[in-house]
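K.L.:
Got a structure for you, written out below as structure tokens; questions coming shortly.
The values are calculated or read from the model by the stated rules, or taken from the named source; none is laboratory data. Here the structure is a predicted model, which is why all the values come from computation and not from measurement. Don't worry about glycine lacking a Cβ; one is built from the backbone with ideal geometry, like all the others, and counts go over all protein chains shown. Keep in mind that these areas ignore ligands, DNA and RNA; they rest on the heavy atoms of the full protein, side chains included. Shrake-Rupley method; radii C 1.70, N 1.55, O 1.52, S 1.80 Å.
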Amino acid sequence: MLAGEPNPTPYDLNFSMFGFPVRISIWFWVGAAVIVGQGPLGGPALVAGILAILVSILIHELGHTFAFRHFGISSRIVLYHFGGIAIPDAFGSPWRIRSSGSGDPFSQIVIAAMGPLVQLISGLLVVLLLRLSNYEATLGFRVVDEWLRLAEGNPLPSRELMLFVDVYLFVSVYWALLNLLPVYPLDGGQISRNLFLIYSRSSAVQQSLSLSMWTAIAVAIYGFTNGRMFLGIMFAMLAHSSYQTMQAYTGRGGGFGSPW
């Protein structure tokens with residue numbers, strides 16, 4: 001997660017999609033290759049996995065940008081490292097780190113929710129399409145897979161297609177659900193902050209940061225105790241970040257005028 005838009009490089013890919021400017025940082029390809037390339041994959045399979053991450057994250061960010069458009073705000077998309085950001089031109093900075101005084105809480109909840117929501121729906125639509133075509137599919141949750149009998153069906157015709165679907169479903173379902181956790185700077189953290197703004201405006205930031213810190217600690221403990229080290233490390237870092245921001249916001253960290 002970045003606190004601002006990553007600097008452009010001469011190797012970035014720039015194009016337009018549905019009227020939204022899109023920039024893909026060279027580091028996005030590197031991050032996607034690291035995620036997909038952890039197994040013994042050949043060239044075509046590696047490319048298929050990277051494309052699956054690209055499509056899923058683009059859909060996520062398009063969810064945000066279409067929501068911006070609905071509220072009359074133009075925006076653009078930047079993909080970087082392991083994710084992306086939707087940047088409203090009206091504010092000149094990533095919407096996820098705008099100050100709590102900017103904009104209407106309800107509209108910000110809608111904007112925050114639309115990214116993971118459309119990403120999750122896209123994953124479920126892929127599962128539905130596979131089942132209707134009598135192909136096997138898996139969401140990566142054993143209880144759900146067994147309950148819905150997703151493993152029943154024919155295997156996909158190629159290894160590359162199988163990897164594309166597996167990675168796409170993993171990112172579109174697992175990452176989308178993680179993104180809805182009330183942890184900064186995830187979309188769920190923005191949703192929780194604006195809910196607190198609606199119901200408890202005077203202490204909304206402190207309450208949302210406290211919720212963010214304790215949620216991240218719980219997820220980190222789960223990750224470390226269940227052999228998911230990357231998950232544990234990532235959420236331990238997010239918990240520490242929320243703690244530092246909370247200390248700075250309440251005046252105990254010194255020299256920090258605004259939480260984001």
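K.L.:
Just how far, in whole angstrom, is the range 152-204 from the range 28-78 if you go by their alpha carbon centroids?
P.N.:
Computed from Cα coordinates, the inter-centre distance equals 13 Å.
K.L.:
Please work out how much accessible surface Tyr174 shows to a 1.4 Å probe, ignoring ligands, DNA and RNA, in Å² rounded to 10.
P.N.:
40 Å²
K.L.:
Relative contact order for the chain: what is it in percent, counting Cα pairs under 8 Å that are at least 6 residues apart? Mind dumping the intermediate values first?
P.N.:
Values: 392 pairs, mean separation 41.2, N = 260.
Relative contact order, the chain: 16 percent.
K.L.:
Run lengths n ≥ 4 of DSSP H only: what is the helix-derived mean residue ellipticity at 222 nm for the chain, with -39500 (n - 2.57) per run over all residues, to the nearest 500? Don't jump to the answer; show the numbers that get you there.
P.N.:
Values: 9 runs with 145 residues, N = 260.
Helix contribution divided over all residues of the chain: -18500 deg cm²/dmol.
K.L.:
Report the one residue of Ser210, Ala33, Val110 whose Cα lies farthest in the direction of the positive end of the charge dipole of the chain (charges on C-beta: Lys and Arg +1, Asp and Glu -1; origin at the Cα centre).
P.N.:
The listed residue farthest towards the positive side: Ser210.
K.L.:
What percentage of the solvent-accessible surface of the range 101-239, computed with a 1.4 Å probe over protein heavy atoms, is contributed by carbon and sulfur atoms?
P.N.:
In the range 101-239, the share of accessible area belonging to carbon and sulfur is 70 percent.
K.L.:
Among 161-168, 181-188, 18-25, what's the highest-first ranking by average C-beta atoms within 10 angstrom per residue? Before the final figure, lay out each step's value.
P.N.:
Details: 161-168: 19.6, 181-188: 23.8, 18-25: 16.6.
Descending packing order for the listed peptides: 181-188, 161-168, 18-25.
K.L.:
Separate question: With unit charges on the beta carbons (Lys and Arg positive, Asp and Glu negative) and the dipole taken about the Cα centre of the chain, which residue among Phe18, Gly63, Met246 sits farthest to the positive side?
P.N.:
Met246
K.L.:
Using only protein heavy atoms and a 1.4 Å probe, report how much of Leu128 is accessible, in Å² to the nearest 10.
P.N.:
The accessible area of Leu128 comes to roughly 90 Å².
K.L.:
While we're on this one: Accessible area per residue for the chain in Å², computed with a 1.4 Å probe and the full protein assembly in place, what is it? Mind dumping the intermediate values first?
P.N.:
Values: 13120 Å² over 260 residues.
Roughly 50 Å² per residue, with all protein chains present.
K.L.:
Sort 50-63, 227-240 by the packing proxy (mean of other Cβ within 10 Å over each peptide's residues), most packed first.
P.N.:
Working: 50-63: 21.5, 227-240: 15.9.
Final packing ranking: 50-63, 227-240.
K.L.:
Taking +1 at the Cβ of each Lys and Arg and -1 at the Cβ of each Asp and Glu, which of Thr138, Gly49, Ile221 sits farthest along the dipole of the chain towards its positive end, judged by Cα position relative to the Cα centre?
P.N.:
So the residue furthest toward the plus end is Ile221.
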